[in-house]
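Asker: The structure under discussion is supplied below as structure tokens; questions concerning it will follow.
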Amino acid sequence: MSKNEHKGQSNTTGGPLDKFEPGGDLGPIEDRNAYEQRLRSLPPDQRELAQENTRLADLCHCFSVQKMDVPPEVLEQVGRLPKLAISERIRALKNMNRELMEYLNDVGQDPGIRQ
């Protein structure tokens, strides 16, 4: 069976990962109101974790748009997140988000034309 045939088959059988596809229960949400509604339905700790993850994703997107690299120490911290409990993960994400905002602010302090 070719890859295309196999791919077509998985779309019609409804595989376990379909919930992560657009329109699925856990798929991406383009509408900010729908996103906020889904956040409100989460328990408080998961809601706070989702909000901090969203902030990190928004900051990373900002870095990407500005064609900037995320500082290596922040990338190392991101790699350690899965090993942390939810409360520790939230605290770590808040610290990373603060560090990234400070970094963006410092880099944005361009003195203008240099002579």
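The values are calculated or read from the model by the stated rules, or taken from the named source; none is laboratory data. Because the structure is a prediction, the values reported are computed rather than measured. Counting neighbours? That spans all protein chains shown, and the Cβs are built from the backbone with ideal geometry, glycine included.
Asker: Out of the residues in the range 18-38 that are among the acidic types (Asp, Glu) and assigned to a helix (DSSP H, G or I), which is modelled with the lowest pLDDT?
Answerer: Going residue by residue through the range 18-38, those that are among the acidic types (Asp, Glu) are 18, 21, 25, 30-31, 36.
From the residues that got through so far, the ones that are assigned to a helix (DSSP H, G or I) too are 18, 36.
Values: 18: 76, 36: 81.
Result: 18.
Asker: Return the residues of the range 46-77 that are surrounded by 15 or more Cβ atoms within 10 Å (Cβ to Cβ) and of a type in the set (Val, Ile, Thr); say none if nothing qualifies.
Answerer: Of everything in the range 46-77, those that are surrounded by 15 or more Cβ atoms within 10 Å (Cβ to Cβ) and of a type in the set (Val, Ile, Thr) turn out to be 70, 74.
Asker: Give the residue, chosen from 106, 69, that is over 14 Å from the mean Cα position of the chain (by Cα) and not in a helix (DSSP H, G or I).
Answerer: Result: 69 is the single residue among 106, 69 that is over 14 Å from the mean Cα position of the chain (by Cα) and not in a helix (DSSP H, G or I).
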